[in-house]
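Structure record follows, encoded as structure tokens.
The values are calculated or read from the model by the stated rules, or taken from the named source; none is laboratory data. As the structure is a computational prediction, the values presented were derived from the model and not from experiment. Heads up, the Cβs are rebuilt from the backbone with ideal geometry, glycines too, and the neighbour counts pull from every protein chain shown.
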């Protein structure tokens, strides 16, 4: 077989499930996390000859996550991810870059003591990329599902030979917010999340694109150290059911919630035009 | 081919997704439902010869759900399910029994006006069976995830040749509550749900079975017209991580949340021993 | 709190994932299983007082599954499930009934030696109920997805005020077969599965109910020791897309595959009218 | 609120489910696709002011997919995606770039006439990016699950203070292959897929990284017009069960198939070092 070249590559342990309990007289605290680690470095030998002399096992990465949770605690997922990323790069000569992605599942106290209730589908996220040059922190939320029953229009769009969609001056607007925001490490997560929700509620929407830009702007306005917000917003269509065959009107009351297909609106809002590009390790 | 016999059978439309908006000056209300209908009756001809003269199409069942939401509104999912079930049996000579199962996805108001946030994974359920003899109403909740950080023990169990589990005087107890309660039609859903959560929190658990019985009893005590509570409780294991290889202790602080396998504890708690058996249409 | 009564209850370990390799000179064999155990018996004390003196831990059940796979091998999932069920009832005085449910994920040999490819979504199942009186074996298959492009009609159905569905003399018929068949323990799984597929293909369908009955009859004809077949068949609707707005016809060529809602046709076909009712432990 | 800048953005219709039947005397053919479209262009006004004058509705994109399937047929998913992408960019002055992603679900003929069986979880993929400068075609496969029972080792890796993993000279190696390969448009999909499977089977693995590189090289060797292969390979761990507590050995026979965490090995193999970077639109 001819010889080919190794391009970008990475490896790590994904979906390390960790629950940490901080016990205290005023009631316990709960951190419920899903941690994924990816490392880059001098890993060609492992690919080319199976020589693992530069490979820190993914099992070790898992152990490190658990041990660090005990040794250092977990203040917030951003700092925990950053600590892990710095550790892998700093302690392993062969590892030059680390990405640590953490998902946090929210729980609500039930009794102020020991009992908690899982708070739904919404997930808080943090992704830290770290290498010799810099540390990049991106925080976020996903699966935050919002709906407004009115204050949404869609008209004035392009019509071509394949267009049948009627214009509308009033529709349901619903989405599952997937948002990330890049910052210097100290952004207030609660403020950013609240800014997203408030902008969705307050914007009289002429397009989901307009709502997206308002949501991104709202986070930038609320969080001074955020430089960029990325939003991926599925348009969860709710179609008014035609009840005329049954002699009934339907004054914006009964809707069919469709699964697929769905619109998908994605965009970036930046503090200004000079924002450096985000580092991503895509596969 | 020899001739065989048709046994129990049913048919219907599953997962009819309907969102109903009630618009009002004091803010809108939102009902987000997933409705499944099953019908039984004189349906042998359809199976044996493909003669559909007794078959009300499942598409018609879907239409009826949407039309009834407009015509009659939806007070709560129990009464909506019962209305639909009575309709199918009452209007179709060939249909002798109907089961209507409704799931309701909870939303929380965001601004008191038009905007709502989907409240997580928890789902409210209702199942109504209706035929000439009776109407049976079963309400419930599923995917209500609860965890307590302590007040849970497990010891004194059987040991055989395959037992390696150590006894424990303190563990995390976590479950995803799937509960249904049979009643006469007027049970207070909020009271039943609260009773489940309160009993989970208040019970010092020596076994998940004990917690299950306490939760069922709590619903019966809170809701006078409930006659039976069924609970299916996965034991979502959280294992204390062994940090000794790293020279660290782990004083009930860092846990691994396992996926599979899991314990599954299921049981019924009844008002008394004379409770009639629940009707179910199982496949 | 008043005292209530404990009704039917059971417990066990669910989703024990086990892969067994049988190594041989002519190539390895692979069994990839998901085993779930439920036990019934004298378990009231555990519920009422947390006394676990009659409780064989679910962790022990898991250990037993792994140990038995080594000690006794796994001929087929029916006999493996039966062996486990008999063991729990036979070895534990407090356990009077056991249900063991096994799912088997199919793999295909790639090289006749050591490499295998997972063969899709289809799953083979077996459920054994065992108690002092009898042992019931139910085999099955789920998620076997079949489609025919023609030879399917639907007309002559009931029309009421809510009916808008047009009659059709030609449509796509598609379903995801969930089938179980009760037998005496020696039914040929391959023959039963082939009988399902052949009947689906060979039946000119006037209703999915008719296809269901033909599929059940086909299994009974092919497998002498099967006494009952249960089928749960979602009607995966494929709607012809209306291309007239674009000046195009659509001669049964381009379809939209819908997600929800879907029809759900369920029925039982029995060797004769005297078949005893199937034991199920429903929750 | 201060004014912020709009960064990269795109929009489109996701998950358009289309089934196309080609009817013929020698048996029908079936194409079962899931099409997602994303467009880029002069879309700032929609974001900034809700002026949709440059927005081709996502509903129109959906209509176009269905109409093109009838007008032009679907030879393969690569050419269908390219035709759609060229259409959107070519017909809309405001649209400067299009990405069309297609998933194809494989079906196997059952009777050589009208009946088909869905062939499992494996999915064929194609992604075409098109703009004024070029058209990029990336083909792939995902969820192709492979396992080998031996011929896999892992040793010689880095040990640090957090390492507990023992070295192994023989283990199960299993993965779910997610692979994409960039080419000039005429790569033989079957040859590429076969090359992946053959390399997985034939490689005596000292690391999953080594297997990854062999798989990528194999595709490049088999398909002359492929310039780059990307692989994302979860390491689906199978752990030998310790049966010593029960007095049993376990000579590489009984394994526990773990869910999470899992290793994740990702890498790129290129024809040579001069391969241009792949265009991706990440969010």
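Of all the criteria given as (1) touching a strand residue (DSSP E or B) at 6+ places or on another chain (Cβ under 8 Å); (2) more than 23 Å from residue D:30 (Cβ to Cβ), the one not satisfied by residue D:210 is (1). Does region A:143-150 contain at least one residue that is within 27 Å of the chain's Cα centre (by Cα), under 21 Å from residue A:280 (Cβ atoms) and surrounded by fewer than 22 Cβ atoms within 10 Å (Cβ to Cβ)? Looking through region A:143-150, at least one residue is within 27 Å of the chain's Cα centre (by Cα), under 21 Å from residue A:280 (Cβ atoms) and surrounded by fewer than 22 Cβ atoms within 10 Å (Cβ to Cβ). Note on region D:13-25: residues that are in contact (Cβ under 8 Å) with a residue 24 or more places away in the chain and within 22 Å of residue C:150 (Cα to Cα) total 3.
Of the residues in region C:33-49, at least one is surrounded by fewer than 21 Cβ atoms within 10 Å (Cβ to Cβ) and under 30 Å from residue C:111 (Cβ atoms).
Of all the numbered requirements in (1) touching a residue at least 60 places away in the same chain (Cβ under 8 Å); (2) under 30 Å from residue A:33 (Cα atoms), residue B:281 misses one, and that requirement is (2). Only strands (runs of 3 or more DSSP E) whose full extent lies in region C:112-168 are considered here, and the ones with at least 3 residues that are within 29 Å of residue D:194 (Cα to Cα) and within 14 Å of chain D (Cβ to nearest Cβ) are C:115-118, C:135-148. Which pairs turn up if I take residues in region C:130-157 that are modelled with pLDDT under 95 and look for partners that are part of a strand (DSSP E or B) with beta carbon separation below 6 Å, at least 6 apart in sequence or on another chain? Cβ pairs passing all conditions: none. The residue of region B:178-194 that is farthest from residue B:236 (Cα to Cα), among those that are in contact with a strand residue (DSSP E or B) (Cβ under 8 Å, 6 or more places away or on another chain) and in a helix (DSSP H, G or I), is B:189.
Only one residue in C:189, C:183, C:237, C:204 is in the same structural domain as residue C:263 (by TED's automatic domain parsing) and over 20 Å from residue C:144 (Cα atoms). Which one?
Being in the same structural domain as residue C:263 (by TED's automatic domain parsing) and over 20 Å from residue C:144 (Cα atoms) holds for just one of C:189, C:183, C:237, C:204, which is C:183.
Residue C:24 meets the conditions (1) farther than 24 Å from residue B:175 by Cβ; (2) facing another protein chain (nearest Cβ under 9 Å); (3) at pLDDT below 95 in every case but one. The failed one is (2). Is there a residue being within 12 Å of chain A (Cβ to nearest Cβ), touching a residue at least 12 places away in the same chain (Cβ under 8 Å), surrounded by 19 or more Cβ atoms within 10 Å (Cβ to Cβ) and within 18 Å of the chain's Cα centre (by Cα) anywhere in region D:80-99? Among the residues of region D:80-99, at least one is within 12 Å of chain A (Cβ to nearest Cβ), touching a residue at least 12 places away in the same chain (Cβ under 8 Å), surrounded by 19 or more Cβ atoms within 10 Å (Cβ to Cβ) and within 18 Å of the chain's Cα centre (by Cα), which makes the answer yes. Within region C:33-54, one or more residues are facing another protein chain (nearest Cβ under 8 Å), under 25 Å from residue C:134 (Cβ atoms) and more than 23 Å from the chain's Cα centre (by Cα). In region A:1-86, counting only strands (runs of 3 or more DSSP E) that sit wholly within it, the ones holding 3 or more residues that are closer than 27 Å to residue D:180 by Cα span A:5-14, A:29-41.
Yes/no per residue for (1) surrounded by fewer than 18 Cβ atoms within 10 Å (Cβ to Cβ); (2) within 7 Å of chain A (Cβ to nearest Cβ); (3) out of contact with any strand residue (DSSP E or B) (no Cβ under 8 Å at 6 or more places or on another chain):
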{"position": "D:3", "(1), (2), (3)": "yes, no, yes"}
{"position": "D:10", "(1), (2), (3)": "no, yes, no"}
{"position": "D:16", "(1), (2), (3)": "no, yes, no"}
{"position": "D:63", "(1), (2), (3)": "no, yes, yes"}
{"position": "D:68", "(1), (2), (3)": "no, no, yes"}
{"position": "D:75", "(1), (2), (3)": "yes, no, yes"}
{"position": "D:78", "(1), (2), (3)": "no, no, no"}
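Total residues in region D:47-58 satisfying the condition of being in contact (Cβ under 8 Å) with a residue 24 or more places away in the chain and closer than 13 Å to residue A:265 by Cα: the figure is 4.
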